[in-house]
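Derivation of every value follows stated rules applied to the coordinates shown; laboratory data play no part. None of the values given here were measured: they were computed from a predicted structure. Reconstructed Cβ throughout: ideal geometry from the backbone, glycine too, with neighbour counts over all protein chains shown.
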Amino acid sequence: MRRRTVVPGNLQELLNSADDSGPDERGPAAAPARGPAPRRATPYEEFAFELPRGYVDDNGTVHHSGAMRLATARDELRPQIDLRVKENPAYLSVVLLSQVITRLGTVSDVHAGVVERMYATDVAFLQDFYRRINSEGHTRAAVTCPHCEGSFEVDLSGGRLGES
């Protein structure tokens, strides 16, 4: 395993270079301008979710279901060099979420523009969902019933309210 020192001047170089698994088989000419193509998540690394409000696409279709993969160190480093994040640090979560959401209904290309157009409720849900799967490794939350004060767990990735 190689060690690299990251200083502000070479962060972009580090992100563009091949990781420790070896060179990219496609070669440098095949790499897209936005960076390397996202790798496919295995079922263990991907978590399904249901948005509270739903993303409304340009055709008016509401998309509730989606999936998010576990984040890599590269996913968390890349937004640090994004000009939009440098201009507005609050934009970091938009860029980060757009990198790890693998599916959103029938939307095939989830990018920052898609996340920008989501309702604030859904973005807040996705930020919490991201934190749970990447920090805690699961989507369950401990809750207490306000009426009987009984404690139990709920799965945040589960169905819509009122559905079983």
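Amide H to amide H, which residues 5 or more places from His63 or on other chains are under 5 Å from it, using H placed in the peptide plane?
Distant-sequence amide H within range of His63: Tyr55, Val56, Asp57.
Where Rh is the Kirkwood radius over the Cα pairs of region 38-155, the temperature 25 °C and the viscosity 0.890 mPa s, what D in µm²/s does Stokes-Einstein return?
Numbers: Rh = 15.3 Å.
The diffusion coefficient I find is 160 µm²/s.
Full-extension gain between Val143 and Glu46, please, as 0.36 nm times their residue separation minus the C-alpha to C-alpha distance. Walk me through the intermediate numbers first.
Details: separation 97, 0.36 × 97 = 34.92 nm, distance 2.39 nm.
Here the answer is 32.5 nm.
If neighbour count is taken as other Cβ atoms inside 10 Å, put Met68, Met118 in order from fewest to most. Could you put the intermediate results ahead of the total?
Values: Met68 26, Met118 22.
Listed from fewest to most nearby Cβ atoms, that is Met118, Met68.
About the Cα centre of region 38-155, what is the dipole size in debye to 20, counting +1 per Lys and Arg Cβ and -1 per Asp and Glu Cβ, all else neutral?
Numbers: 13 positive and 17 negative charges, 72 e Å.
Taking the Cα centre of region 38-155 as origin, the dipole is about 340 debye.
What distance in nm separates the two pseudo spin-label positions at Leu92 and Thr61, each 7 Å out from Cα along the beta-carbon direction?
Result: 3.4 nm between the two label points.
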